[in-house]
1. With the requirement that a residue be outside any loop (DSSP other than H, G, I, E, B), touching a strand residue (DSSP E or B) at 6+ places or on another chain (Cβ under 6 Å) and free of Cβ contacts under 8 Å to residues at least 40 places away in the same chain, what does the stretch 375-423 give you?
2. Considering only the stretch 427-449, I want to know if a residue exists there that is basic (Lys, Arg) and more than 18 Å from SER476 (Cβ to Cβ).
3. Can you tell me how many residues in the stretch 311-333 are buried (at least 16 other Cβ atoms within 10 Å of the Cβ) and more than 22 Å from LEU434 (Cβ to Cβ)?
4. Specify the residue that is nearest to the ligand (Cβ to nearest atom); the eligible residues are those in the stretch 451-467 that are of a type in the set (Val, Ile, Thr) and over 19 Å from GLN416 (Cβ atoms).
5. Consider LYS293 against the criteria (1) surrounded by 11 or more Cβ atoms within 10 Å (Cβ to Cβ); (2) farther than 27 Å from THR203 by Cβ: it satisfies all of them except one. Which criterion is unmet?
6. Give the stretch 29-51 a look and list any residue that's surrounded by 12 or more Cβ atoms within 10 Å (Cβ to Cβ) and modelled with pLDDT of 85 or more, or say none.
7. Return the residues of the stretch 342-357 that are under 45 Å from the mean Cα position of the chain (by Cα) and surrounded by 15 or more Cβ atoms within 10 Å (Cβ to Cβ); say none if nothing qualifies.
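The values are calculated or read from the model by the stated rules, or taken from the named source; none is laboratory data. Note that the structure is predicted; figures quoted are calculated from it, not measured. Heads up, the Cβs are rebuilt from the backbone with ideal geometry, glycines too, and the neighbour counts pull from every protein chain shown.
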Amino acid sequence: MIVGRLLEYLNPIAHLGKKNYSYFFPAITTIIIYACIEAIAQIVLSDPNDIGIYVIFVSIVLIIYFSFRDGVRGGLIASSLTIVYYFFILSTHLYTTSEMIAGIEATLILGFFYYLLAGIIGWLKQTIDTLIENEANERKRLQKIVQQLPVGVIITDKNGRIVLTNKQLEVVLGEKVPLGFVVGKESFMDARYKDKPLHPSQTPLAQVLQTKKSMIKKEITIYRKDKKNVHVLVNASTIKNNNGTIIAAVSIIDDITHKKELEIRKDDFVNMASHELKTPITSLRLYVDVLSKYSRITDTRKKNIIESIQSQTERLQGLVNDLLDVSRLQTGKLHYKKEEFRIDQLIEEIVADLQATTEHELLFVSKKKALVLADRFRIYQVIVNFITNAIKYSPEQEKIIVRLMVSGDTVTVSVQDFGIGVSKDQQKKIFDRLYQVTDSHARTFPGLGMGLYISKAIIKKHNGSIWVESIPEKGSTFYFSLPIVRKKERATATAKRRTIRVVPSRLYEKN
Ligand code: ADP
């Protein structure tokens, strides 16, 4: 222990990065060593001059050692004491005048060389110390920042060895993550993705180190040892140096359990509320329809009031139906009844119906015939949503263009308006649940942000695509595409269906 301490005290490498330079130690050690040399020269050797060359060698070693251990000043102390010792030697030996002059000259030249050596090595040592100190300060600052973050953080080196974690990680995981643990080899927690246990090599940090690609917002459930399950959102990425070489990896773990629970509660509420509202609204609508049909009201004012109630009840019923659809989508209970129908004919019907309700001019152009296998009502719902949105979001315009294009195996329906448009950053989000554009202009339009979310789910269920192209203040074009039923396919499908029903003799006839 003591020997270890002593060796560490003497080892100049162990002093790298430490700026507490000693002056006492170089001075006292140099004096003791020269005193020993002098004693050896006087007592042991018959001619003290024999030791000259060794003194020069020892001096150089001492100066290098102290410059490297204690910086410029350590080196200068050793150099100065060496020069003093050289003058001591010159003064205590009986040299001739010419020998004395040569000795002084040599001492001065060597002294200059020693100071230069001490200056260069000491300066290098102090520069290295400053660099190490800066690095250490930077590291401390990073550690402080990481500790203060409200999300869990894991930092590994390039081999996946955990080098830094923070307090919040412990809070999220319910236990401490061992430093030095190598990710990807074994698991330090029971993490599951979509209810399936994650193999250690599938954990986010292991994945990013393997694939060298960042991972964004992966939702993982952690089954904690205290039997509390937490939902976390994980972002992970590698850290590269200036040459692009991976030097570390970092993972940010955000606890979203509370948010998830709130979402579930909100979904339950929407589900319950829409079911509770459905029955009274259906009855209300029925009564209003009966009232409007069978009462013989001739007063136009009263008639108008009944018509208003009728249209508002219809709107209310539409909203409740949308709410029900959203909650069915959440629970996976939205069912589809697929049938073959001509989508061009469906659009024609919708355009005619909606034209009667709006002052906008609805133009159905580029009509092509296209047969699809889909849920007619649900596709109707998507087209109506596109057109009613186009009407709603282009109040100062007149024209709305509906197109139907067939290319290869897909049919694409588009609805173009010349209204307020949607900015680029909002274009993806408007298909999210309950998302509405929040800029001051769009805010003035009523709505709940359910239509496009439902439309997207419907189109995805039909193996189609849905998207928007838009320029703010110039207008938007909303598209969806679906696979079409080709005549040949249709014939085979029909034949296949028939094979089930027809007798073998007729089968031969068909083929
Ligand atoms: P809602 O219209 O009821 O708010 P939607 O889901 O149909 O809900 O639309 C979501 C959002 O997308 C709307 O709030 C609106 O901001 C934007 N949007 C939809 N259609 C258009 C359109 N044709 N022009 C401009 N913005 C639109």
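1. ARG376, ILE387, LYS399, ILE401, ARG403, MET405
2. Scanning the stretch 427-449, I find at least one residue that is basic (Lys, Arg) and more than 18 Å from SER476 (Cβ to Cβ), so the answer is yes.
3. The total comes to 1.
4. ILE454
5. (1)
6. THR29, THR30, ILE31, ILE33, TYR34, ILE37, GLU38, ILE40
7. Correct list: ILE343, ASP344, LEU346, ILE347, ILE350, VAL351, LEU354.
Yes/no per residue for (1) closer than 20 Å to PHE341 by Cα; (2) within 9 Å of the ligand (Cβ to nearest atom); (3) not β-branched (Val, Ile, Thr):
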position: ARG378; (1), (2), (3): yes, no, yes
position: ILE383; (1), (2), (3): yes, no, no
position: MET405; (1), (2), (3): yes, no, yes
position: GLY408; (1), (2), (3): yes, no, yes
position: VAL413; (1), (2), (3): yes, no, no
position: GLN436; (1), (2), (3): no, yes, yes
position: GLY447; (1), (2), (3): no, yes, yes
position: SER476; (1), (2), (3): no, yes, yes
